[in-house]
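Here the structure is laid out as structure tokens; the discussion comes afterwards.
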Amino acid sequence: MKAFLTNLETTRSTMKTRITTRLFLYSSVIALSLILSAPLNAANDDNAKPYDKKLFRLSEILGAVHYLRELCSSEDEMVWREKMQALINSEGTDAFRRVNLIKQFNKGYRSYRRTYRTCTNSARTAIDHFLTEGTKITEELAQNKW
């Protein structure tokens, strides 16, 4: 009975992660579409955008999730690198922005590579946390809440 309950809890956790992952992916696509059509703030210089802080945080989250999902042998591990590439393609309008987006992605990846060597419950919890935060950021970007 104990093994059954443990298996049930693992299945429930896996389903929750898959649903959260899909929500994050769909939200990311919507946010990227809206960001591309967002008006520029005239008060900012040519390189800076009003949503840069959130965008760079999203890049960092993508890096962390990419590493952690890869570590935990998820079937969607390359999705996060692909989403980051799409973000760079759409928002890396000049060398400075590209470098900063990549820098934040690598920061997230490397930070968790130093922390986690094996997939643990803590790593899975971190994935869930990042997916939730990433979803929130993409929803805010989609609603122009910079």
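Restricting to segment 64-91, give me the number of residues that are in contact with a helix residue (DSSP H, G or I) (Cβ under 6 Å, 6 or more places away or on another chain), small (Gly, Ala, Ser) and either at pLDDT 90 or above or not in a helix (DSSP H, G or I) (or both).
Counting residues in segment 64-91 that are in contact with a helix residue (DSSP H, G or I) (Cβ under 6 Å, 6 or more places away or on another chain), small (Gly, Ala, Ser) and either at pLDDT 90 or above or not in a helix (DSSP H, G or I) (or both) gives 1.
Among the residues of segment 94-142, write down those that are exposed (fewer than 13 other Cβ atoms within 10 Å of the Cβ), free of Cβ contacts under 8 Å to residues at least 12 places away in the same chain and under 17 Å from Lys49 (Cα atoms).
Residues satisfying the conditions are Ala95, Val99.
Could you please tell me which pairs satisfy a Cβ distance under 9 Å, a separation of 6+ or placement on different chains, a first residue in segment 62-87 that is farther than 18 Å from Ser111 by Cβ, and a second residue that is in a loop (DSSP other than H, G, I, E, B)?
Ser73/Cys119
Which of the residues that make up segment 92-146 are in contact with a Cys (Cβ under 8 Å, 6 or more places away or on another chain) and part of a loop (DSSP other than H, G, I, E, B)?
Cys119
The values are calculated or read from the model by the stated rules, or taken from the named source; none is laboratory data. The shown structure was predicted, so the numbers you read here are calculated from the model rather than taken from an experiment. Glycine gets a Cβ as well: all are built from the backbone with ideal geometry, and neighbour counts include every protein chain shown.
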